[in-house]
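Report on one structure; see the data block that follows.
The values are calculated or read from the model by the stated rules, or taken from the named source; none is laboratory data. Here the structure is a predicted model, which is why all the values come from computation and not from measurement. Every residue, glycine among them, receives a Cβ derived from its backbone with ideal geometry; neighbour counts consider all protein chains shown. Ligands, DNA and RNA are stripped out before the accessible areas are found, and what is left, the full protein with its side chains, is counted by its heavy atoms. Shrake-Rupley method; radii C 1.70, N 1.55, O 1.52, S 1.80 Å.
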Amino acid sequence: MKIGIVGDFRPEYPSQIATNDALLHSFRKLGVFIEYEWIPTAAIIKQLDTIKETFQGFWIGPGFPDSVDGVLSIIQYARENNIPLLGTCAGFQYIIMEYARNKMMLENAGHEERDPHANQVVISKLACSLVGQKGEVIVKKPSRIYDIYQVENVIEQFRCNYGLSSEYEKQIHEAGLRIVGTDYIGNPRIIELLEHKFFIGTLFVPQLSSTSNSTHCIVDSFISTVLSQPED
C-alpha cells in the first residue's frame, strides 16, 4: 500500500513537514506503516498512468503547486474511481476547482491567486487572512466528517488566505460537494462527497494539530480507509 502526497515539497514550509509527521503519528497509533511519497506536480501529467498504478490513496497537500493541471488530474481520478482522497488547505481549494470544472462543467472555474481576472472565480481571497490562526469549526450532521469527529464543535489551525467564493457556495453544495463544516457565521471550512469512500477537504490544516501523543482523527480515518483498499 502506498499514499501519494500531491504537492511540491519544500522543507522550509511548516505545513508540509507537519504532513509527514502526522502520517507517522497515525501510523504508530494504528500499529501500521504505509509507504508514502511526495508527487511533484509538474511530473503528474506525463506519469499519470504510473501514478494510478502505484498509489492506493492521495493527500492533496498544502502549498502552491507548480502544476494546477497535474493536481486536478489526480483529484478527478480519485473522485471518479472511489480512491480515498484527503485535501487540506490548498487541497480544499483544488478539490473545489476540480469539481466545478469537471462535474459542474464550469470550464473557466479559477483561483483568484493565480488568475484574478478569471470569469468564474470559485476560489477567492478571504475577507480576513487565516494564516497562523486557530478557529472554531462547526461540524454538521449527518455527515462522514461528523462520524469521524463525533462532536459538533472543534478548534483547528489555519494557514490560508483563500477559500470557496460565496458566489458559488450554494451551487457547489447542491451539486453534491457538500459543505459539512463552517465557521460560526457559516463560511465553508469542510467539504465532502458523501457517496464516496473517503473524499474530504478541509480549509484548515489538521496535520498541524497532530502530535505523537494525540493524533488527528481525520488523518487516522484517511489511513484506515486506504488500508481497506484491495491490493492488486
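Using the heavy atoms of the protein chains and a 1.4 angstrom probe, tell me the accessible area per residue for the range 1-140 in square angstrom.
Value for the range 1-140: 45 Å² per residue.
Which GluC sites (Glu not before Pro) in the range 188-232 pass both tests, a DSSP loop state and at most 16 other beta-carbon atoms within 10 Å?
195, 231
Considering only protein heavy atoms and a 1.4 Å probe, what is the carbon-and-sulfur percentage of the accessible area of the range 32-73?
Accessible surface attributable to carbon and sulfur in the range 32-73 totals 51 percent.
List the GluC sites (Glu not before Pro) within the range 1-79 that fall in a DSSP loop (any state other than H, G, I, E or B) and whose Cβ has at most 12 other Cβ atoms within 10 Å. All intermediate terms of the calculation are to be shown ahead of the outcome.
Numbers: sites: 12, 35, 37, 53; in loops: 12.
In loop regions of the range 1-79 (DSSP not H, G, I, E or B), the sparsely surrounded GluC sites (Glu not before Pro) are 12.
Can you sort 25, 173 by 1.4 Å-probe accessible area, starting with the largest?
173, 25
Three principal axis extents, largest first, for the C-alpha atoms of the range 116-232, in Å?
44, 31, 27
Do the alpha carbons of any pairs in 2/125; 170/197; 141/197; 103/125; 46/140 sit beyond 28 Å of each other, and which pairs?
Working: 2/125 34 Å; 170/197 23 Å; 141/197 17 Å; 103/125 23 Å; 46/140 39 Å.
Over 28 Å apart, Cα to Cα: 2/125; 46/140.
What figure in square angstrom, to the nearest 10, would you give for the accessible area of residue 155 with a 1.4 Å probe?
The value for residue 155 is about 110 Å².
In whole percent, how big is the carbon plus sulfur part of the accessible area of the range 168-232, probe 1.4 Å, protein atoms only?
Within the range 168-232, the accessible surface is 47 percent carbon and sulfur.
Of 133, 120, 207, which has the largest mean-square fluctuation in a 10 Å C-alpha GNM of the chain?
Looking only at 133, 120, 207, the largest GNM fluctuation is found for 133.
Restricting attention to the range 105-139, which trypsin sites (Lys or Arg not before Pro) occupy a DSSP loop and are surrounded by at most 16 other Cβ atoms within 10 Å?
Sparse-neighbourhood loop trypsin sites (Lys or Arg not before Pro): 114.
Build a GNM of the chain with springs between Cα atoms under 10 Å: which of 188, 62, 116 gets the top mean-square fluctuation?
Top of the fluctuation ranking is 116.
Could you work out which residue, out of 32, 71, 219, moves most in a Gaussian network model of the chain, that is, has the largest mean-square fluctuation with Cα springs under 10 Å?
In the Gaussian network model the winner is 32.
When DSSP beta bridges are limited to those with both residues in the chain, what percentage is antiparallel, rounded to the nearest 5?
Around 45 percent antiparallel, to the nearest 5.
Do the sum for the chain: with -39,500 (n - 2.57) for every DSSP H run of n ≥ 4, divided by all residues, what is the mean residue ellipticity at 222 nm, to the nearest 500 deg cm²/dmol?
Calculated from helices alone, the mean residue ellipticity at 222 nm is -10000 deg cm²/dmol.
Loop sites only, by DSSP: take the chymotrypsin sites (Phe, Trp or Tyr not before Pro) in the chain that have at most 15 other C-beta atoms within 10 Å and name the longest stretch containing none of them.
Looking at the chain, 34-183 is the longest stretch - no exposed chymotrypsin sites (Phe, Trp or Tyr not before Pro) with at most 15 other Cβ atoms within 10 Å.
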